[in-house]
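First up is the structure itself, then whatever we jot down about it.
The values are calculated or read from the model by the stated rules, or taken from the named source; none is laboratory data. This structure is a prediction, so every number in the text was calculated from the model and none was measured. When we count neighbours, we look across all protein chains shown, and the Cβ atoms used for this are built from the backbone with ideal geometry, even at glycine.
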Amino acid sequence: MKASLPALTFWLISGLTAAPAIGSPVLTHLAAESDGDAYKASCRLEGGLTPDVEEEIAAGLATTIEYRLHLYRRRPAFFDQLIVKRRVLCTVRYDTLTQQYTLTRRIDDDLQETKVTDDPAALSTLWRQKQLEYTWLRALMGRYEDFWTITEAALRFAVRRLGLTAGEADIARLMQAYLSLACFPEVIRALGRLQGRPRAILSNGSPRMLAAGVSASGLGGFLDHVLSVDAVKTYKPAPAVYALGPRALGVPAAELLFVSSNAWDVAGAKAFGYRVAWCNRLGAPAEELGPTPDWVVTGLDELPV
């Protein structure tokens with residue numbers, strides 16, 4: 001028995017602002033699956049938090065994103081059968097006095113979850129910071145653990161450091177998000193332009209994380225190799241990691257273009273001998289590490305062909 005998700009509609013209500021004011025949000029990565037009598041549907045909202053909406057949140061206006069889900073079972077000889085309808089409300093309210101955000105989620109008007117945090121971005125920022133620190137420290141200590149293990153350890157530290165309340169279910173939910181990361185819109189087009197040349201990912205990610213990420217983003221048909229540091233049991237910017245590229249592709253590093261959005265990764269690859277492009281989407285300053293990129297772009301569609 002297979003479930004499909006042919007339609008998922010939503011409305012966004014921002015304080016007292018009419019819905020057309022929010023711009024052009026879209027739902028991506030729609031998916032549905034069944035497990036016996038249980039059904040799971042997922043999607044991602046992109047473009048919903050425009051500057052206007054963020055200003056209203058900062059002013060203390062409650063902002064609610066409303067998802068309306070209709071899940072059908074396909075029946076070739078009949079009309080599709082409606083299995084379930086759900087209305088999900090996700091609300092954020094900023095208290096300008098306490099400077100705290102209250103996040104709530106309701107399903108069909110039943111309260112499912114309420115969380116209070118000083119800064120919803122603080123967790124992701126500290127999580128990423130500790131994740132990288134742990135890769136560098138473990139590489140220096142010679143005590144390798146795969147990236148999944150390191151990512152969970154970094155998350156647990158960040159939760160504890162910020163004084164947040166998070167149960168095992170919360171930890172598991174956040175970790176699962178790493179298995180469905182989306183790529184930027186121009187990535188597939190850019191890889192398509194490079195067809196006929198060897199294309200590969202060289203990542204700190206564990207094999208499991210990379211397989212899930214490639215599948216979720218639809219990149220599988222555009223890549224010839226997916227290379228993980230797990231093969232050499234250390235992390236970037238160790239030279240042994242960068243050596244995986246020329247070894248797998250059979251091309252000298254000086255003839256390969258290495259692309260990264262991390263300035264420290266750019267420096268490491270350049271020091272190893274690659275030609276390097278830095279995808280600097282946010283206009284970040286360069287690291288003071290010596291090696292500099294051959295190209296600086298703001299998106300992969302700007303790469304030299």
statement: Restricted to segment 83-105 and to residues being polar (S, T, N, Q) and modelled with pLDDT under 75, the residue farthest from Ala158 (Cα to Cα) is Thr96
query: Residue check: is Asp265 touching a residue at least 40 places away in the same chain (Cβ under 8 Å) and in a helix (DSSP H, G or I)?
result: no
Candidate set from segment 42-72 (those that are over 22 Å from the mean Cα position of the chain (by Cα) and in a loop (DSSP other than H, G, I, E, B)); member that is farthest from Cys90 (Cα to Cα): Ala59
statement: Per the filter on segment 235-275, residues closer than 20 Å to Val296 by Cα and among the aliphatic types (A, V, I, L, M) are Ala253, Ala254, Leu256, Leu257, Val259, Ala263, Val266, Ala267, Ala269, Ala271
- prompt: Restricting attention to segment 144-198, which residues are part of a loop (DSSP other than H, G, I, E, B) and within 14 Å of Gly213 (Cβ to Cβ)?
  reply: Tyr178, Leu179, Ser180, Leu181, Ala182, Cys183, Phe184
- prompt: Looking only at segment 214-256, which residues are of a type in the set (A, V, I, L, M, F, W, C) and assigned to a loop (DSSP other than H, G, I, E, B)?
  reply: Leu219, Leu223, Val232, Ala238, Ala243, Val251, Leu256
message: Looking at segment 99-116, I want the residues that are more than 16 Å from Asp170 (Cβ to Cβ) and exposed (fewer than 13 other Cβ atoms within 10 Å of the Cβ) and have a partner that is modelled with pLDDT of 70 or more and not basic (Lys, Arg) with Cβ atoms under 7 Å, at least 6 apart or on another chain. Which pairs are those?
response: Leu111/Thr104
- prompt: Which one of Gly23, Gly36, Gly47 is surrounded by 13 or more Cβ atoms within 10 Å (Cβ to Cβ) and either at pLDDT below 70 or assigned by TED's automatic domain parsing to the domain that holds Gly213 (or both)?
  reply: Gly23
message: Please go through segment 268-290 and give me each residue that is under 18 Å from Ala253 (Cα atoms) and part of a loop (DSSP other than H, G, I, E, B), ordered by number.
response: Gly273, Tyr274
message: Being at pLDDT below 90, over 27 Å from Leu103 (Cβ atoms) and assigned by TED's automatic domain parsing to the domain that holds Lys233 is the requirement here; does Gly205 meet it?
response: no
- prompt: For residues in segment 106-128 being at pLDDT 80 or above and not in a helix (DSSP H, G or I), which is nearest to Glu55 (Cα to Cα)?
  reply: Arg106
task: Go over the candidates Ala248, Ala253 one by one and state the one that is over 22 Å from Met175 (Cβ atoms), free of Cβ contacts under 8 Å to residues at least 24 places away in the same chain and not assigned by TED's automatic domain parsing to the domain that holds Tyr144.
output: Ala253
task: Among the numbered conditions (1) at pLDDT below 90; (2) basic (Lys, Arg); (3) buried (at least 17 other Cβ atoms within 10 Å of the Cβ), tell me where Arg138 comes up short.
output: (1)
task: Confirm whether Asp230 is more than 18 Å from Lys270 (Cα to Cα), acidic (Asp, Glu) and free of Cβ contacts under 8 Å to residues at least 60 places away in the same chain.
output: no
message: Pairs needed: first member in segment 190-214, loosely packed, with under 15 Cβ neighbours inside 10 Å; second member anywhere, among the acidic types (Asp, Glu); C-beta distance under 8 Å; at least 6 residues apart or different chains.
response: Arg193/Asp301; Pro198/Asp224
task: Could you please give the count of residues in segment 175-189 that are free of Cβ contacts under 8 Å to residues at least 40 places away in the same chain and touching a helix residue (DSSP H, G or I) at 6+ places or on another chain (Cβ under 8 Å)?
output: 6
query: Here are some residues: Arg208, Arg199, Arg193. Which one is out of contact with any Phe, Trp or Tyr (no Cβ under 9 Å at 6 or more places or on another chain) and basic (Lys, Arg)?
result: Arg193
